[in-house]
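Participant: Here you go, one structure.
The values are calculated or read from the model by the stated rules, or taken from the named source; none is laboratory data. Please read all numbers here as calculations on a predicted model, not as lab measurements. Note: ideal-geometry Cβ built from the backbone for every residue, glycine included; neighbour counts use all protein chains shown.
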Amino acid sequence: MENRSLVTIAHHSRQKIEYLIRMAQEFEKRPNRSLLCGRVVATLFFEPSTRTRLSFETAANRLGARVIGFADPKVTSGTKGETLKDTIMMVSNYADIIVMRHYLEGAAQYASEVSPVPVVNAGDGANQHPSQTMLDLYTIYQTQGTLENLNIYLVGDLKYGRTVHSLLTAMRHFSPTFHFIAPDELAMPEHYKMYCRENGIRYVEHQDFDADTIAGADILYMTRVQRERFTDLDEYERVKDRYLLSRSMLSKAKPNMKILHPLPRVNEIEYSIDDTPYAYYFQQARNGLYARQAILCDTLGITLDDIINDKTIIS
Amino acid sequence: MKRQELQVAALRNGTVIDHIPSSKLFQVIGLLHLEGERSAVTIGYNLKSQKMGCKSIIKIADKFFSDAEVNQLSVVAPNVTLSVIRDFEVVEKKEVRMPEELIGIVKCDNHKCITNNEPMLTRFHFLGKERGTLQCHYCNREINLSDVKLAKG
């Protein structure tokens, strides 16, 4: 059988991304179905991630699947020295699909090679998190009506931020202009800038983070600047408040501009922004459900046609 | 015949691997799995060389390597020369070429990579001469060819 696992969307074609967006649109219209009735989804979280796990489990539940798994690695045999391969082989006897979060990089690729059932990567260390990227793409499409020719501003931790790297890679098909706003210690790594140049992605680096700088943004993608990422704590103290978004900074924003954030936020988006039309991070999180419904179906071999002609719709 | 060449006996049939940097000799032996070899293996270590100053040489009787086996040497000793000998004559010279994929040869230097935490073989993709790097198939880490460490030993 063809291996339908989803490890990364870095290699997805433009067509494939658009296809998954179409699927997610169908689920947004009608999320409750029995399409996966009789199927068992395993969620194996070798590292806790409540948000991602709830989103995947909701996606499975709303499609009628049953869910098994663990949310806490302390209860698994991994602590007894069991290898990842053995855990995967054991679980694949029970489940039709495995959704896995792991703290080691490359774990999802390896699991997909040894597993007889498809594996969906729900994050492997600092490496890949394709369902997050898919929901980001879906949200950008939903708010802008297109993925083409957008000005996307990435703010905060651009060095370690897995989500911003994946977004950069996935957007290469759509002729974007990226704007990087980050402290020196957390600047976009050189090899990603090289990737941009090799793939004809325009990018601009900004020193300032103010109303004028972000006036041209269609998407303002905020991330958290974390203290533990800094080797020089004086540097952290100097820059920590420089990448906070305040309501007054939105005075020149374009009407279509939307603020995204992978969440959890700490203080990088002022609370008073939440009730402006620019705030979109909670809807973005909601889109995680539709994107993950699309991913589960696609990985299990259910097509867009199946979803459009679905007779199992509940509501 | 020069005295230096007499240091190692001539071969009737087999393979001569010449111009091995002496510091890499034991890695070459490991990569070609010569520890388990049953036919005669002659090893010249720290021989004088006009080209290299100091080199090592291995002669293996009645043993012929596939291109894939030869290419395993690419990360350790890319400039060695292999001569295939039949009836005392050199009938073919083989060059080491970097294969597109290296399996079980190179160690990933990312300690959070799955390959350093599971009993499994590593796998690397060669990203081209210009870039001069290998990329881990699992964690995507890129390693410069000059910094490569071997998976075993």
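Participant: Is it the case that region B:134-143 has a residue that's over 30 Å from A:Gly81 (Cβ atoms), surrounded by fewer than 19 Cβ atoms within 10 Å (Cβ to Cβ), more than 20 Å from the chain's Cα centre (by Cα) and more than 10 Å from every other protein chain (Cβ to nearest Cβ)?
Facilitator: no
Participant: When you go through (1) in a helix (DSSP H, G or I); (2) within 16 Å of the chain's Cα centre (by Cα); (3) surrounded by fewer than 17 Cβ atoms within 10 Å (Cβ to Cβ) one by one for A:Tyr160, which number turns out not to apply?
Facilitator: Condition not satisfied by A:Tyr160: (1).
Participant: Something else: Answer yes or no as to whether B:Glu89 is farther than 21 Å from B:Phe26 by Cβ and either within 14 Å of chain A (Cβ to nearest Cβ) or in contact with a strand residue (DSSP E or B) (Cβ under 9 Å, 6 or more places away or on another chain) (or both). Before the answer, list the steps.
Facilitator: Working: farther than 21 Å from B:Phe26 by Cβ: yes; either within 14 Å of chain A (Cβ to nearest Cβ) or in contact with a strand residue (DSSP E or B) (Cβ under 9 Å, 6 or more places away or on another chain) (or both): no.
Here the answer is no, as B:Glu89 does not meet what is asked.
Participant: Further question: Give me a count of the residues in region B:101-121 that are in contact with a Ser or Thr (Cβ under 9 Å, 6 or more places away or on another chain) and more than 10 Å from every other protein chain (Cβ to nearest Cβ).
Facilitator: So the count comes out to 7.
Here is a yes/no grid of residues against (1) over 22 Å from the mean Cα position of the chain (by Cα); (2) at negative phi; (3) modelled with pLDDT of 95 or more:
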site	(1), (2), (3)
A:Tyr236	yes, yes, no
A:Leu245	no, yes, yes
A:Lys252	yes, yes, yes
A:Asp275	yes, yes, yes
A:Ala279	no, yes, yes
A:Leu289	no, yes, yes
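Participant: Right, here's the next one. For residues in region B:61-95 being more than 15 Å from the chain's Cα centre (by Cα) and of a type in the set (Asp, Glu), which is surrounded by the most Cβ atoms within 10 Å (Cβ to Cβ)?
Facilitator: Selected residue: B:Asp62.
Participant: Please find, among A:Arg224, A:Arg229, the residue that is in contact with a Gly (Cβ under 8 Å, 6 or more places away or on another chain), in contact (Cβ under 8 Å) with a residue 60 or more places away in the chain and either aromatic (Phe, Trp, Tyr) or outside the structural domain of A:Thr50 (by TED's automatic domain parsing) (or both).
Facilitator: Working: A:Arg229 fails: in contact with a Gly (Cβ under 8 Å, 6 or more places away or on another chain).
Only one candidate passes the filter, namely A:Arg224.
Participant: Report the residue count in region A:69-86 for those that are more than 11 Å from chain B (Cβ to nearest Cβ), touching a helix residue (DSSP H, G or I) at 6+ places or on another chain (Cβ under 9 Å) and in contact (Cβ under 8 Å) with a residue 12 or more places away in the chain.
Facilitator: Selection size over region A:69-86: 4.
Here is a yes/no grid of residues against (1) within 25 Å of A:Gln142 (Cα to Cα); (2) among the charged types (D, E, K, R):
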{"residue": "A:Val7", "(1), (2)": "yes, no"}
{"residue": "A:Met23", "(1), (2)": "yes, no"}
{"residue": "A:Glu26", "(1), (2)": "yes, yes"}
{"residue": "A:Val40", "(1), (2)": "no, no"}
{"residue": "A:Leu44", "(1), (2)": "no, no"}
{"residue": "A:Arg51", "(1), (2)": "yes, yes"}
{"residue": "A:Ile68", "(1), (2)": "no, no"}
{"residue": "A:Val75", "(1), (2)": "no, no"}
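Participant: Under the condition of being within 14 Å of chain B (Cβ to nearest Cβ) and of a type in the set (Ser, Thr, Tyr), which residue from region A:89-120 is farthest from the chain's Cα centre (by Cα)? Can you show your working first?
Facilitator: Restricting attention to region A:89-120, the residues satisfying the condition of being within 14 Å of chain B (Cβ to nearest Cβ) are A:89, A:100-115, A:119.
Next, from what is left, pick out any that are of a type in the set (Ser, Thr, Tyr): A:103, A:110, A:112, A:115.
Numbers: A:Tyr103: 16, A:Tyr110: 20, A:Ser112: 19, A:Ser115: 23 Å.
Only one residue tops the list, namely A:Ser115.
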